[in-house]
Amino acid sequence: AAGPAFEGVNISCGSRAVDGAIVQVRVGEDGDLDWQTIGNEPPVGLTGSGLLTLIAELQRVGVIQESGRFDPTIPQFAHRFDRDGAGVMRFLLAGPGQVAAGSNPLYLSQKDVRELQKSKGAVRAASEILIKQLGLGPAQLQRVVLTGSFGGQVDIDAVLQIGMIPPVRRDAIQTVANGAGFGAALFLTEEGFALGERLAAHARQVELDQDAEFNSLYIRSMDLCGDCGRSW
């Protein structure tokens with residue numbers, strides 16, 4: 001479940017990384033929204049990283065509860081809520097006059113939040129199982145590398161706030177834009193290839209679906225919280 005939401009798939013206003021795609025959102029206490037878009041163009045959609053920061057920001061100001069449910073009662077944000085044709089609650093991200101010419105208003109729906117929770121839960125549950133099998137706690141990890149087209153540009157504070165990864169030290173997290181490509185390039189040298197062989201010899205594959213705790217961890221990890229009640 002980890003991929004689709006982070007790539008904008010199954011998100012009502014999801015977008016690829018094109019000009020005008022929202023990559024970051026800041027939410028003011030007064031109800032204002034400030035977007036950062038690719039090319040500084042008017043908004044056309046929401047990327048995976050934009051979705052992550054938006055949900056983290058809305059959770060920070062109380063518009064999204066820990067359970068993922070919208071709270072439309074906060075006065076400064078109430079005017080942004082309505083329901084779509086199917087009766088699903090949604091939050092107005094960018095309205096007419098704000099979006100790019102020819103684009104429809106952009107909304108974050110309750111279903112979009114649930115899609116993010118499923119993806120977040122899969123990453124968190126897998127991370128917890130790996131850490132447990134190593135006999136460690138999150139604070140003991142010396143480095144956590146987030147990579148790929150999504151991981152290399154995420155907002156680290158948002159990742160920690162919603163609990164996408166266990167509560168590791170913030171200064172231990174490193175983002176790398178293209179870890180797979182960088183790793184492949186290292187193999188082009190004899191020294192790098194030898195390192196790869198040593199790593200492969202010590203690596204162990206973990207079958208998540210065979211772990212008795214995975215399903216319960218996955219469900220619990222859908223909550224939008226940094227520690228999700230875990231006692232490490």
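FYI, it's all coordinate maths here, none of it is from the lab. No experiment lies behind these values; they were computed from the predicted model shown. Neighbour counts are summed over all protein chains in view; Cβ atoms, including those assigned to glycine, are modelled from backbone coordinates with ideal geometry.
If a/c stays under 1.5 just call it rounded; otherwise compare a/b with b/c (prolate if a/b is bigger, oblate if not). Do that for segment 147-232, with a ≥ b ≥ c from the square roots of the Cα gyration tensor eigenvalues.
The shape class here is oblate.
Determine the dipole magnitude for the chain: charges of +1 sit on the beta-carbon of Lys and Arg, -1 on that of Asp and Glu, nothing else is charged, the reference point is the Cα centre, and the result goes in debye to the nearest 20.
That gives the chain a dipole magnitude of about 360 debye.
Need the C-alpha centroid separation for segment 34-108 versus segment 115-144, integer Å.
28
Give me the dipole magnitude in Debye, nearest 20, for segment 48-92 about the Cα centre, with unit charges on the beta carbon: positive for Lys and Arg, negative for Asp and Glu.
Here the size comes out at about 40 debye.
Is segment 119-160 rounded, prolate or oblate when judged by the Cα gyration tensor, a ≥ b ≥ c being the square roots of its eigenvalues, rounded requiring a/c under 1.5 and prolate requiring a/b larger than b/c?
Since a/c reaches 1.5 and a/b is larger than b/c, the shape of segment 119-160 is classed as prolate.
Take Lys132 and Glu190, extend 7 Å from each Cα along the Cα→Cβ direction, and tell me the distance between the two endpoints in nm.
4.5
Taking percent of Cα pairs over 33 Å apart straight from the coordinates, which label in (1) 43; (2) 23; (3) 30 is the correct one?
(2)
Just for the chain, what percent of DSSP beta bridges are antiparallel, to the closest 5?
Taking every DSSP beta bridge with both residues in the chain, the antiparallel ones total about 65 percent.
Based on DSSP H runs of at least 4 residues, each adding -39500 (n - 2.57), what is the mean residue ellipticity at 222 nm of the chain after dividing by all its residues, to the nearest 500 deg cm²/dmol?
Helices in the chain give a 222 nm mean residue ellipticity of -10000 deg cm²/dmol.
Pull up all non-local amide H partners of Asp71: gap of 5 or more, or a different chain, and H-to-H distance under 5 Å with H placed in the peptide plane.
The answer is Ile64, Gln65.
Given 0.36 nm per residue, what is the gain on full extension from Ala86 to Gln36 after removing their alpha carbon distance, in nm?
15.0 nm is the gain from fully extending Ala86 to Gln36.
Using the beta-carbon distance between Asn178 and His79 and R0 = 41 Å, what value does 1/(1 + (r/R0)^6) give for FRET efficiency, to the nearest 0.05?
Once the sixth-power term is evaluated, E becomes 0.50.
I'd like to know which of Ala126, Ser149, Gly31 lies farthest towards the positive end of the charge dipole of segment 1-159, counting +1 on Cβ of Lys and Arg and -1 on Cβ of Asp and Glu.
Working it through, the farthest residue towards the positive pole turns out to be Ala126.
With a Förster radius of 30 Å, plug the Cβ-Cβ distance of Glu29 and Arg69 into 1/(1 + (r/R0)^6) and report the FRET value to the nearest 0.05.
0.90
Under 1.5 on a/c is rounded, so check that first for segment 1-123, then, if it is not, pick prolate when a/b is larger than b/c and oblate when it is not; a ≥ b ≥ c are the square roots of the alpha carbon gyration tensor eigenvalues.
The shape class here is rounded.
Along the charge dipole of the chain, Cβ charges K/R +1 and D/E -1, which of Leu46, Val9, Val176 sits furthest on the positive end?
It is Val9.
Once you have the Cα-Cα distance between Asn104 and Arg16, take 0.36 nm times their residue separation minus that, and quote the gain in nm to one decimal.
This chain segment gains 30.1 nm when fully extended.
Give me the dipole magnitude in Debye, nearest 20, for segment 121-232 about the Cα centre, with unit charges on the beta carbon: positive for Lys and Arg, negative for Asp and Glu.
220
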